[in-house]
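Report on one structure; see the data block that follows.
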Amino acid sequence: MVYLGNVVLIAAVLAAIGVLAFFVIRLKSDYYKPDDLKAPYQSLYVLFGLISLATLVLLYGFITNDYNFDYVVKNSSSDMIIWYRMSALWAGHEGSFLFWIWLLSGFTAILAFTRSKTCDKLTSYALGILSGIQLFFLAFLMIATNPFVVNPTNFGIGEGINPLLLHWAMIIHPPTLFIGYAGMTIPFAYAIAALMNRDTSAEWVDRAYKWTLFAWLFLSIGILLGSVWAYVVLGWGGYWGWDPVENASLLPWLGGVALLHSFHIYRQRKSFKHWALSMSVFSFLMVIIAAFITRGGIIQSVHAFERNTTVVGFFVTVIIAIIASSIYLISTRWQIYASEHEFTSLFSRDIMYHFNNIFMVFGATIILIGAFLPLFAGGMSIGPAVYNRIAQPLGIILLFIISICALIPFGKTDMTEFAKRMAAPVGAVVLAAFPLFLYWQSLNKLITDVNPKASPPGAGWLGYVGLLVAAFGVVAVIEAIILKIATRMKASEQGLLSAIVGYFRTQGGAAGGFIAHFGMAVIVAGLVGSTLYTASVKKTIPDKTGATITVADFQLRYKGSKSETSATQEKFRTSFDVLEKSSGKVIGQIAPRMVFHKDKETTTSEVDIVYQPQRDIFVVLRAIDEKGAMNFEIKVNPLISFVWAGSIMLVLGTIIAYWPRRKKSPQNEPG
């Protein structure tokens, strides 16, 4: 099977050469004839079939524990359940790169199939660009990171993967990111195609918009799943540690936010053309850089792969090629892509979108500086505290901007009408100011209640301001939705329920955008609580039933421990009741564990969590001393459920925006 994989991979490279040559020859013709492109379009299906076969060969090796594959030996073992063995396909550099190419080839084939009746010039150029990217990736895979290498030892023993990766979220997290990475290639290809053809219409944006939304949706899901995994598996009590590889996944996501907003204005107002072109390139460039950070091995991270000079050379070449070609194409065509509607007011939705894009690019730039600074500054690095000091105030300001966006029009804002629309969110903030102040004070007090030796947070009034802005954002979005539905009821004389259903069916883009923005407001509230006011304390108790740990307003009562041994693991499981300190009422049970993995000779801690609406009680067993005394770390994470709930709303809003609807109009897209 290993040799079959190599044969198929070589065939795929040869096919990719043929496909690219097909497109180049036909597109260079003096007269464009759509019928001449039928064969190149169909050849993309053959290329996808070959790459699919290569992927299936490697997947078959994992399913059958075929240790003739060196890649299978290094990333799987027979004691792993089949789902983990299948997901090991993307556990290493070689397999994940093959999986990425397979997705890209599949999306290219789908695009070719959906446009095969017309074979229009714009799509044909885009497909030619995509086939060139596939060829470059395939050649690199075969030369530098071939997953079809024969195991030199021929020992039938798999090494397995890092025990921390054996979690359901890590089955789904990498593929969702790769779907996003592959999807972001489509708008890049269309942008370059439009530039090559000097096409200033919105046609390329119309073709690329849904692909961009689809890719951004999966990037969002991937980031969410990665955060969930970090929170429940890694045991440090948080979900975002500003690790370079974690940050890398944010790069194309931030670019995608700017790109989607640019597309919206390009389609609706024939504006932001430079932004749309630049962000299409920027988003794809961020995909390549994100992969470079993870796979190049030049960045120190627990998530990064080992350094490989060939891989580094490949990514540097691709990055330089993208930057150089894009700068040339955009700069030489800058004038013809001038916007039809310039800013007519400094207080309009147009200018707010402009600020949004600047924020996204600035955020990505800070992450890039933080990632590469150690390479050029003698080991100097940007730590989580610095990132937080930058991200926290900027996030609150950005939320305020997008909240205002929901209440003002494009063009020029009627300040009288704006004042009327501001009445509800401002009034809500005034009413909530005192209750939120009391809650904010309780968050400050929580830290010393949990650990009397802890220092108060250094955030000052930032947390309180963040809660107020989040409240403002929630009400502003609700008001915007109500105004849209009320306008529909008045214009069509529909009832409330019919107007709501009709709004979501015919203006799903706008509705989905509002729900996504609502989710962002909820996320910001969650970030305020779970990043600024997390409280932590370490406690040691003897292995004695009935021993208690008192923390703030709750108590942990030890019920005992249990040791379990299997062929691959030794587990030490503790058990606690969680009680209200005042009433003695049991509010939950937890069972934090320590696990020794025999094959890897490593010990991991498995956390347990009591989930409550306004906070989580997070408990992890850190160590056991020679006398059997157990050391636990207990954390209280306020409002962390808001992060998960807001993220789900963000994903749901994107799905609604993507969902097909009856009446298609640029005005219906997310704003």
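The values are calculated or read from the model by the stated rules, or taken from the named source; none is laboratory data. Here the structure is a predicted model, which means the values were calculated and not measured. Methodologically, a virtual Cβ is constructed for each residue, glycine included, from the backbone with ideal geometry; neighbour enumeration extends over all protein chains shown. Areas reflect the complete protein model, heavy atoms only, side chains present, ligands, DNA and RNA absent. Shrake-Rupley method; radii C 1.70, N 1.55, O 1.52, S 1.80 Å.
Quick check on my link table: of Lys28/Lys121; Lys559/Lys585; Lys210/Lys273; Lys539/Lys562; Lys74/Lys571; Lys538/Lys581, which ones sit more than 23 Å apart, alpha carbon to alpha carbon? Don't skip to the answer; put the middle values down first.
Working: Lys28/Lys121 11 Å; Lys559/Lys585 15 Å; Lys210/Lys273 17 Å; Lys539/Lys562 20 Å; Lys74/Lys571 25 Å; Lys538/Lys581 18 Å.
Result: Lys74/Lys571 exceed 23 Å.
Can you list residues from other chains, or at least 5 along the same chain, whose modelled amide H is less than 5 Å from the amide H of Gly588?
Val578
Mind listing the phi-derived Karplus ³J(HN,Hα) values for segment 545-559, rounded to whole Hz, using 6.51, -1.76 and 1.60 with θ = phi - 60°, and x for any glycine or proline?
4, x, 4, 10, 10, 9, 9, 6, 9, 9, 9, 9, 10, 6, 9
What order do Trp102, Trp334 take when sorted by accessible area (1.4 Å probe), most exposed first?
The ranking, largest first, comes out as Trp334, Trp102.
Give the accessible surface of segment 543-628 per residue, rounded to a whole number of Å², with probe radius 1.4 Å and ligands, DNA and RNA excluded. Each step should come with its number before you reach the end.
On the way: 4640 Å² over 86 residues.
Heavy-atom accessible area per residue stands at 54 Å².
Tell me the trypsin sites (Lys or Arg not before Pro) within segment 82-164 that lie in a loop according to DSSP and have at most 11 other beta-carbon atoms within 10 Å.
Details: sites: Arg85, Arg115, Lys117, Lys121; in loops: Arg115, Lys117.
Answer in residue order: Lys117.
Please give me, ordered by residue number, the trypsin sites (Lys or Arg not before Pro) of segment 1-67 that lie in loop per DSSP and have at most 10 other Cβ atoms within 10 Å.
Details: sites: Arg26, Lys28, Lys38; in loops: Lys28.
The qualifying sites are Lys28.
For the chain, which whole percent of the accessible surface, found with a 1.4 angstrom probe, sits on carbon and sulfur atoms? Before the final figure, lay out each step's value.
On the way: 18370 of 28710 Å².
C and S atoms contribute 64 percent here.
Would you mind getting the accessible area per residue of segment 293-450, heavy atoms of the protein chains only, 1.4 Å probe, in Å²?
Working: 8290 Å² over 158 residues.
Using a 1.4 Å probe on heavy atoms only, each residue of segment 293-450 averages 52 Å².
In deg cm²/dmol, rounded to 500, what helix-only [θ] at 222 nm does the chain give when every DSSP H run of at least 4 residues adds -39500 (n - 2.57) and the total is split over its residues? List each step's numbers first, then the result.
Numbers: 19 runs with 411 residues, N = 671.
Helix contribution divided over all residues of the chain: -21500 deg cm²/dmol.
From the P(r) of segment 543-628, can you give the percent of Cα pairs sitting at distances over 20 Å?
Numbers: 1406 of 3655 pairs.
Tail of P(r) above 20 Å: 38 percent of Cα pairs.
Skip the ligands, DNA and RNA, and give the accessible area per residue of segment 1-132 with a 1.4 Å probe, whole Å².
The answer is 42 Å² per residue.
Just to be sure I follow the definition: excluding the sites themselves, where is the longest run in the chain that has none of the GluC sites (Glu not before Pro) in a DSSP loop with at most 11 other Cβ atoms within 10 Å? All intermediate terms of the calculation are to be shown ahead of the outcome.
Numbers: sites that count: Glu306, Glu340, Glu342, Glu493, Glu601, Glu626.
Counting only loop sites that pass the neighbour cut-off, the longest clear stretch is 1-305.
Measure out, as a whole number of angstrom, how far apart the alpha-carbon centroids of segment 379-439 and segment 1-55 sit.
Taking the Cα centre of each part, segment 379-439 and segment 1-55 sit 50 Å apart.
If ligands, DNA and RNA are left out, what is the accessible area of Asp36 with a 1.4 Å probe, given in Å² to the nearest 10?
We get 60 Å² for Asp36.
Where Rh is the Kirkwood radius over the Cα pairs of segment 171-377, the temperature 37 °C and the viscosity 0.692 mPa s, what D in µm²/s does Stokes-Einstein return?
Values: Rh = 17.8 Å.
This corresponds to a translational diffusion coefficient of 184 µm²/s.
Would you mind checking which residues have amide H under 5 Å from Ser76's amide H? H placed 1.01 Å from N; only 5 or more apart, or other chain.
Amide H neighbours of Ser76: Glu159, Gly160.
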